[in-house]
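Notes for the one structure printed next.
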Amino acid sequence: MPTSTAAAGVAPAEAAVSAPSAASILTAQHTVEVVSDSGEGAQKCGQIFGTVCAKMGNGVWTVEIIPAEIQPPPRTIDGTSGNRIRIGSGPVTNWGDQANVVVAFNEQALLSRHRLDALQHDAVILIENIWATHPDADVREAWAEAMRELAGIGYRIIEVPMEQQCLTVVDNPALGKNMFALGLLTWLYNLDRELVHEQIAATFRGKSPKIYEANVALLDLGARWAGENLDFRINVPRQARPEATVVMNGNQAIALGAVAAGMELAAMYPITPATSASHYLAEMFERFGGILHQAEDEIAAAGVALGASYAGKVAFTITSGPGLALKTEFLGLSVMSETPLVLVDVQRGGPATGLPTKVEQSDLLAAIFGQPGDAPHVVLAPATIEECFHVMVTARQIAESFRTLVVVLSDANLATGVQPFPRPEIDAAWMAQRPDLSPVPEGTRPYGWDPETGLSRRILPGQPGGMFTVTGLSHDEAGQIAYTADVHQRSATMRSRKIAVLQQMLEAPPVNGDDEGDLLIVGWGSTKGAIEEAVARARAEGHSVSSVHLTFLSPLQPGLKEIFRRFRKVMTVEINYSDEPGDPYITDENRRRGQLAWLLRASTLVDVDCWTRIPGEPLRPGAIHEAILAHLPRGGAA
Amino acid sequence: MTAIASLLALAPDDMRELTLADFQKSVPRWCPGCGDHSVLTSMQRLLSDEGLAPEKTVFVSGIGCSSRFPHYVKTYGFHGLHGRALPVATGIKLHRPDLAVFVVMGDGDCVSIGAGHWMHATRYNMNMVALLLDNNVYGLTKNQTSPTTPQGHRTLTQPRGSYLPAMNPIAQTLAVSNASFVAQTAEWLPPHLFATLKAAYQHPGFSFVRILQRCPKFTDGLFSEFIERPDEVQLLEHDNGVVVPALSRTFKNRIEHDPGDLDAARRLAEADGVARLGVFYRDPSRPTYGDIRAVPARSAQERVALLNEELDRHAI
């Protein structure tokens, strides 16, 4: 394992290059965006920048800005592609509010971020300078119009001769601008040049050495230009990491977690934003004795996973909302036949095709209640990249022990977010055992439900004496089709009871902040970092606010009612739709609420309020902070 | 490439003498006269003749009358969802190539709601036997038109007669890239049925067998022309296909058809007039997805070591 090189974070050789007059701005955290047209490589630039910052000891959270199309028309507002990288002196748990520095390859990409209110009003903007004098009059006009819109806000716009500079090294600047931009950031944030070179080498592994050399030349060119022309540098102090650390995105973490859980088969159909997990599995799963099967459709992917699970080790299928809908019947079969199965839903905006590349938390109720008939099962939501890894081990174990379906709800924010976390200490005990194919003891029944717990031992094909037929029809302990009232009632009770048994084994969620107070925020999934940052701001201002974050959505963790009772008001914060009180026609009776809010109201009978938004981007801590202030119960402390 | 036959032949020291009774489970609840009974009997005979270990054999089915099949065979069984037997079977075989997998589907299952899986399973060419028990009608839901219902045949959903020409499952399967075994037989000719099932079982790949069969309730008369007049049936014979000497006295309409000839197979499948029974196509050299995807097993310790190497790639 490589050591955490240069974690001290200062590269003296670099400092010598910088213009002596460059002012160093010391700050605890800073947010950078790199935006371009699709295909210009802004994402690669952002990813390398984020990874090197992490390696040098900054806290990092990286988010992709992705259009839905592969190559939308250039220089369009909707076509912007890139990255936001938020770095800090300590851990960074979310993408923050607004960017401090933007590297933009054209003014339309910049404009798109401006219009989304994604930039600080004093942001520094480094922008390609060819557009103002472009031969095409329309382009010149578009530039001028954009500059008029951006004027007077307070942005500091610095025009950079990106293309002109790149042409001194390469013939086609379109393919190298991103490395020049990386050079600008390398100088600006005082990155270790060697580490950046290493990361470029890793990114272009397998490509010819010429490509590496050209990229390094462009990088150095960008750094030199910045050193000669910029009058400030950013210093976000770095700390040596006390423990071994890994950095990856949530989809990679899910794929590695599945391997750590000892799973041997994943079946999928391509769907954004889940697919990158499959790309990673396709690359490495076979080395672990695993198979990634790309099925002919979403339904088949669920069927292949369920068939594999039935025949041996628990398998999983990975999808997004539309795929969840298509797989529904198989999910019911998993529950009815008590065949373990893990389904990962990397949520995106919906309904229907919705917002394929953008985050949303709108599948919660579909994941829990979407199956026709009564189909009790388990739903888990990781809240961090690290949890994306570990949740797969938990999901596999629960699916196996409880012979049930486990749905894991990730989302586009976790899927593409990159964050360092403590390196997992892999334990062989996490892994599924080799299937036990010993003869079945006389009298063992395929659904020999323990009347107290509903649990029963699974029989696997290959076990002599165990021959029985799985069926999705109502069946008795022996697996025989049985339509009688007695059997249907009893078997439904057994399938439900075991979920209650699981619930009794869980712990109450910890409260972030004081155990009692004015307002309790309840969240789930990827919003944890932003919620806790917002709560911390409100608490620092003297407000009595705490938060609770739920990992188990079905069954709900115990103790919620007790926790809720200690707060004057309880409110969920979610990335899904809810009606605004006070909007036309909306009453307390007909108001459609956030999905977790609905669930909590039903299960606790507490009047849980909600604040939800569907901006197609992660919630910003600043927006949550405002919502907290607006929803604090009036009338002073309890 | 190993045929499931050789994989599953019992080890020499396993002296179990398997008989028909070893593969019989509960009493079938199919209607008297239903073609399913005949298929079940032939299959049980195949299992005992070939000495398949019951615990290493899985029957996977969808939903419909014929999909009750696994409940009546004393092996492992998976009676799943309508139309979705093939993906389940694919998952079982991918994860456990040591199991012999048989898939039993009706015409609704295979060529209607699950038609996509039928095309793709044919192309995957996993080593399994897939039976289409085709009675040309939806029986369990009580008489609705299926894709193989002959044009003009009346049902409750198309009471003025089926609107469209029937689908031709043999021709469709032969059209799929990487098809490796396509045969047709009939439930009313047990010797031919048995010989065809046996050839299917012994083929190393996805063996698709369409079995023409009567539904005594809703399509009783559909095949009477073939049953009463053997000349309306044409047997495709070849040493690489099936030859049933017991039938040669009754069935004079026999032709030599080399199952290695795909063009001839497609012509025969499209030709009208008679019911053709036999192996249309067989190519044991076709790549099977299961073999291609086979990966060496890893112990937990090996995985831990490999995972640590993989984490090194993400280490900072």
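The values are calculated or read from the model by the stated rules, or taken from the named source; none is laboratory data. Everything quoted here is computed from the prediction, not taken from an experiment. Methodologically, a virtual Cβ is constructed for each residue, glycine included, from the backbone with ideal geometry; neighbour enumeration extends over all protein chains shown.
With buried (at least 24 other Cβ atoms within 10 Å of the Cβ) and hydroxyl-bearing (Ser, Thr, Tyr) as the only criterion, which of A:401, A:438, A:410 stands out?
Going through A:401, A:438, A:410 in turn, the sole match is A:410.
I'd like the full set of residues that are within 27 Å of residue B:73 (Cα to Cα) and of a type in the set (S, T, N, Q), limited to the range A:480-513.
A:480, A:484, A:491, listed by residue number.
Within the range A:457-475, count every residue that is in a loop (DSSP other than H, G, I, E, B) and of a type in the set (S, T, N, Q).
2
From the residues in the range A:158-168 that are among the aliphatic types (A, V, I, L, M) and surrounded by fewer than 17 Cβ atoms within 10 Å (Cβ to Cβ), which one is modelled with the lowest pLDDT?
A:167
Scan the range B:302-315 and tell me whether some residue there is of a type in the set (Lys, Arg) and touching a strand residue (DSSP E or B) at 6+ places or on another chain (Cβ under 8 Å).
no
Mind listing whichever residues of the range A:519-548 are in a loop (DSSP other than H, G, I, E, B) and without any contact (Cβ under 8 Å) to a residue 60 or more places away in the chain?
Hits for the range A:519-548 are A:541, A:542.
Evaluate the following for residue A:332: is it within 10 Å of chain B (Cβ to nearest Cβ) and surrounded by fewer than 24 Cβ atoms within 10 Å (Cβ to Cβ)?
yes
For the list (1) closer than 26 Å to residue A:202 by Cα; (2) touching a strand residue (DSSP E or B) at 6+ places or on another chain (Cβ under 7 Å); (3) surrounded by fewer than 22 Cβ atoms within 10 Å (Cβ to Cβ), I need the number of the one condition that residue A:242 fails.
Condition not satisfied by residue A:242: (2).
With touching a residue at least 12 places away in the same chain (Cβ under 8 Å), among the aromatic types (Phe, Trp, Tyr) and out of contact with any Lys or Arg (no Cβ under 7 Å at 6 or more places or on another chain) as the only criterion, which of A:180, A:204 stands out?
So the residue among A:180, A:204 that is touching a residue at least 12 places away in the same chain (Cβ under 8 Å), among the aromatic types (Phe, Trp, Tyr) and out of contact with any Lys or Arg (no Cβ under 7 Å at 6 or more places or on another chain) is A:180.
Kindly indicate whether residue A:324 is part of a helix (DSSP H, G or I) and closer than 28 Å to residue A:474 by Cα.
Judged against the criteria, residue A:324 is a match.
Wholly within the range A:89-193, which helices (runs of 4 or more DSSP H) include no fewer than the required count, namely at least 3 residues that are within 28 Å of the chain's Cα centre (by Cα)?
In the range A:89-193, the matching helices (runs of 4 or more DSSP H) lie at A:107-115, A:177-188.
Pick from the range A:476-518 the residues that are without any contact (Cβ under 8 Å) to a residue 12 or more places away in the chain and in a loop (DSSP other than H, G, I, E, B): which of them is nearest to the other protein chains (Cβ to nearest Cβ)?
So, considering only residues that are without any contact (Cβ under 8 Å) to a residue 12 or more places away in the chain and in a loop (DSSP other than H, G, I, E, B), the one nearest to the other protein chains (Cβ to nearest Cβ) is A:480.
Collect the residues in the range A:320-329 that are out of contact with any Asp or Glu (no Cβ under 6 Å at 6 or more places or on another chain) and either surrounded by 24 or more Cβ atoms within 10 Å (Cβ to Cβ) or within 14 Å of chain B (Cβ to nearest Cβ) (or both), keeping them in residue-number order.
Within the range A:320-329, A:320, A:328, A:329 qualify.
Please state which of the following conditions residue A:277 fails to meet, knowing it meets all the rest: (1) within 7 Å of chain B (Cβ to nearest Cβ); (2) in contact with a helix residue (DSSP H, G or I) (Cβ under 8 Å, 6 or more places away or on another chain).
Of (1) within 7 Å of chain B (Cβ to nearest Cβ); (2) in contact with a helix residue (DSSP H, G or I) (Cβ under 8 Å, 6 or more places away or on another chain), only one is false for residue A:277: (1).
Conditions (1) of a type in the set (Phe, Trp, Tyr); (2) buried (at least 24 other Cβ atoms within 10 Å of the Cβ), marked per residue:
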{"residue": "B:23", "(1), (2)": "yes, no"}
{"residue": "B:31", "(1), (2)": "no, no"}
{"residue": "B:38", "(1), (2)": "no, no"}
{"residue": "B:53", "(1), (2)": "no, no"}
{"residue": "B:64", "(1), (2)": "no, yes"}
{"residue": "B:70", "(1), (2)": "no, yes"}
{"residue": "B:77", "(1), (2)": "no, yes"}
{"residue": "B:80", "(1), (2)": "no, yes"}
{"residue": "B:87", "(1), (2)": "no, yes"}
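Looking at (1) buried (at least 17 other Cβ atoms within 10 Å of the Cβ); (2) out of contact with any strand residue (DSSP E or B) (no Cβ under 6 Å at 6 or more places or on another chain); (3) not in a loop (DSSP other than H, G, I, E, B), find the lone condition where residue A:624 falls short.
Residue A:624 satisfies all of (1) buried (at least 17 other Cβ atoms within 10 Å of the Cβ); (2) out of contact with any strand residue (DSSP E or B) (no Cβ under 6 Å at 6 or more places or on another chain); (3) not in a loop (DSSP other than H, G, I, E, B) except (2).
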